[in-house]
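Following: one structure in structure tokens, then a few remarks.
The values are calculated or read from the model by the stated rules, or taken from the named source; none is laboratory data. As the structure is a computational prediction, the values presented were derived from the model and not from experiment. Backbone-built Cβ (ideal geometry, glycine too); neighbour counts: all protein chains shown.
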Amino acid sequence: MKNFVRTLLIIAIPLIQVSCTYSQNIKTAKSETQEVHRNPLKVSLGDPYVLSDSKSKKYYMYGTGGVKDGFGVYSSDNLVDWKNEGQVYFGNTKSSWGIDAFWAPEVYQWKDKYYMFYSAQWRENPTSELENFKIGVAVSDSPKGPFVDMSDKPLFDPGYPVIDANVYFDPSGKLYLYYSRCCYKHPVKSKIADWALKNRKFDQIEESWIYGVELKPDFSGIIGEPVMLLRPPVSMKDKQAEWESRSVTSGEVNRRWTEGSFTFKHQNTYYMMYSANHFAGENYAVGYAMSKSPLGPFVKAENNPILQKNTASGGEVTGTGHNSVVFTNNGKNMYCVYHGRTKASGKERVVFIDKMEIKPDGRLVVHGPTTDEQARP
């Protein structure tokens, strides 16, 4: 009998060990599936913007591309796994003011409605301008659309092409619209322009500048005159000049950009994130500026750029830019959502999400770009 029991133990103990090991492997695999992710996300969009919907408790991502003449949307429960919900805005219709180049949508939940701000080429173009971009607003009862234009014309016409609308809802109750004046037909004198001419790079340098203006509470127009808030550096001695001028100094294009802004407030400071360099090139990068007022003056940060290509350090990500920010855990955690390119994606823009934080001294830091495993948001 003792020998029989001993035999059973000899057989059972390894089986128990195998069973425990198997169970632990399953548990570990499940834990890894739930708790880690790797960039880029399986979403091919430019200029990604994420809405955290208070009704459905879901996240919705909008961006440039993916559909023809309009915008689509992706939904997610966790900021990592995204479902394509289809097209939510249709442009270039008989009633739309925009005809093509539908770019950079941002959607805001406001008083039980959802408002989409976006850029497009204006149908009204009597002088046949190559860049006739304006900003429009569409509304829907759902983040999944359909979104319908509030007007048959753009939100406003400042007399020059504009893109990249971003709206900030100030605690004071006022609304502010930020946008980028396009480079088109906007040559600017600077030391960088002088350098480009002297070195036979380009005859002139066109620039895009970021403006801000108060927005009407019903989104029907603007209040007052727009204020120029950010522009590329004038002097080559400016600490921002090197990274914001790479598209020029590399001979890529005769333009310097300040675009794709995103504004939020932390404690008593307004942070404005922005992108510089050619949006279709590898030097696209992100910086930020700070102010005590929503309409400035904004001062660019010493630690710019805070997000740029990582190929110099052995990585494979380039063209990082046009970001938005999503807040989780009641605003305690911040994540930077942006587009970039990898060897696998080629020229196609894909979406990344990386953790960001504000240090005790006020410095904004983005922990990216990353392509290795990291904790899920």
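What are the residues in segment 66-102 that are touching a residue at least 40 places away in the same chain (Cβ under 8 Å), surrounded by fewer than 22 Cβ atoms within 10 Å (Cβ to Cβ) and in contact with a Phe, Trp or Tyr (Cβ under 9 Å, 6 or more places away or on another chain), if any?
Within segment 66-102, Ser75, Asn78, Leu79, Trp82, Glu85, Gln87, Phe90, Ser96, Trp97 meet the criteria.
Mind checking whether some residue in segment 68-84 is of a type outside the set (S, T, N, Q) and modelled with pLDDT under 95?
Residues of segment 68-84 that are of a type outside the set (S, T, N, Q), as a first pass: 68-74, 77, 79-83.
Next, only the ones that are modelled with pLDDT under 95 stay: 68.
Yes, that holds for at least one residue.
Looking at segment 309-323, which of the residues that are touching a residue at least 12 places away in the same chain (Cβ under 8 Å) and over 11 Å from His339 (Cα atoms) is surrounded by the fewest Cβ atoms within 10 Å (Cβ to Cβ)? Before the answer, list the steps.
Step one: of segment 309-323, the residues touching a residue at least 12 places away in the same chain (Cβ under 8 Å) are 309-311, 315-323.
Subset that is over 11 Å from His339 (Cα atoms): 309-311, 315-316.
On the way: Lys309: 23, Asn310: 17, Thr311: 12, Gly315: 15, Glu316: 15.
Top of the filtered list is Thr311.
Out of the residues in segment 248-279 that are over 20 Å from the mean Cα position of the chain (by Cα) and surrounded by 16 or more Cβ atoms within 10 Å (Cβ to Cβ), state the one that is farthest from Lys201 (Cα to Cα).
We begin by selecting, within segment 248-279, every residue over 20 Å from the mean Cα position of the chain (by Cα); these are 248-255, 267-269.
From what's left, surrounded by 16 or more Cβ atoms within 10 Å (Cβ to Cβ): 248-249, 252-255.
Working: Val248: 8, Thr249: 8, Glu252: 9, Val253: 9, Asn254: 8, Arg255: 11 Å.
Filtering first and then ranking leaves Arg255.
Considering (1) more than 25 Å from Asn323 (Cα to Cα); (2) surrounded by fewer than 18 Cβ atoms within 10 Å (Cβ to Cβ), say which one Met228 fails and leave the rest.
The failed condition is (1).
Do we find a residue being of a type in the set (A, V, I, L, M, F, W, C), modelled with pLDDT of 95 or more, surrounded by 21 or more Cβ atoms within 10 Å (Cβ to Cβ) and farther than 19 Å from Ile306 by Cα anywhere in segment 234-245?
No, every residue in segment 234-245 fails to be of a type in the set (A, V, I, L, M, F, W, C), modelled with pLDDT of 95 or more, surrounded by 21 or more Cβ atoms within 10 Å (Cβ to Cβ) and farther than 19 Å from Ile306 by Cα.
Just the residues that are under 14 Å from the mean Cα position of the chain (by Cα) and among the acidic types (Asp, Glu), please, taken from segment 325-377.
Asp354
I need the full set of residues from segment 319-377 which are among the β-branched types (Val, Ile, Thr) and either more than 15 Å from Asp47 (Cα to Cα) or part of a loop (DSSP other than H, G, I, E, B) (or both), in order please. Before you say what the answer is, go through the steps one by one.
The first filter runs over segment 319-377 and keeps only residues among the β-branched types (Val, Ile, Thr), leaving 320, 325-326, 328, 337, 342, 350-351, 353, 358, 365-366, 370-371.
Thr328, Thr342, Ile358, Val365, Val366, Thr370, Thr371, listed by residue number.
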